[in-house]
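The values are calculated or read from the model by the stated rules, or taken from the named source; none is laboratory data. Nothing here was measured: the structure is a model prediction, and the numbers come from that model. Heads up, the Cβs are rebuilt from the backbone with ideal geometry, glycines too, and the neighbour counts pull from every protein chain shown.
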Amino acid sequence: MLNLDQIDHIQLDVNNRALVHKRYLENFDFTRATSLGHWIEGIPFAVDNSSEHLGLFESKSIYSTPVSFSVTSNQFSNWQKHLFEHSIEYVLMEHDLFWSMHFSDPGGTPFEIKSYDCIA
């Protein structure tokens, strides 16, 4: 059986890398990725949030691949408050097994923050 340890990074194709990069740094608590060493120099706008790495690639062809992150119920509430405070529109949804928030970055990439132990 083949196994995977973890997701290494997610590539996001964006039409305005500088704008999207700024939003991740200012609003989503990401930092410029330094943990990837000299390789990161080829991707000047890679960002990370501890172990999550996003490579922001400038592209004329934008693919809207949703990116989903799981969080605890406390983190879910913090994200909801954070998005509201930064005037980032989101949709709150109740599913049978979890709650989720859906929003997009300035480049149009859709995101989902979900919690399996949340009571919104």
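Summary table below
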{"read-out": "Selection status of Phe98, touching a strand residue (DSSP E or B) at 6+ places or on another chain (Cβ under 8 Å) and not β-branched (Val, Ile, Thr)", "value": "yes"}
{"read-out": "Lone qualifier among Glu52, Glu26 - being exposed (fewer than 13 other Cβ atoms within 10 Å of the Cβ), modelled with pLDDT of 65 or more and of a type in the set (Asp, Glu)", "value": "Glu26"}
{"read-out": "Residue in segment 68-114 that is nearest to Tyr24 (Cα to Cα), counting only those that are modelled with pLDDT of 90 or more and either in a loop (DSSP other than H, G, I, E, B) or among the basic types (Lys, Arg) (or both)", "value": "Ile88"}
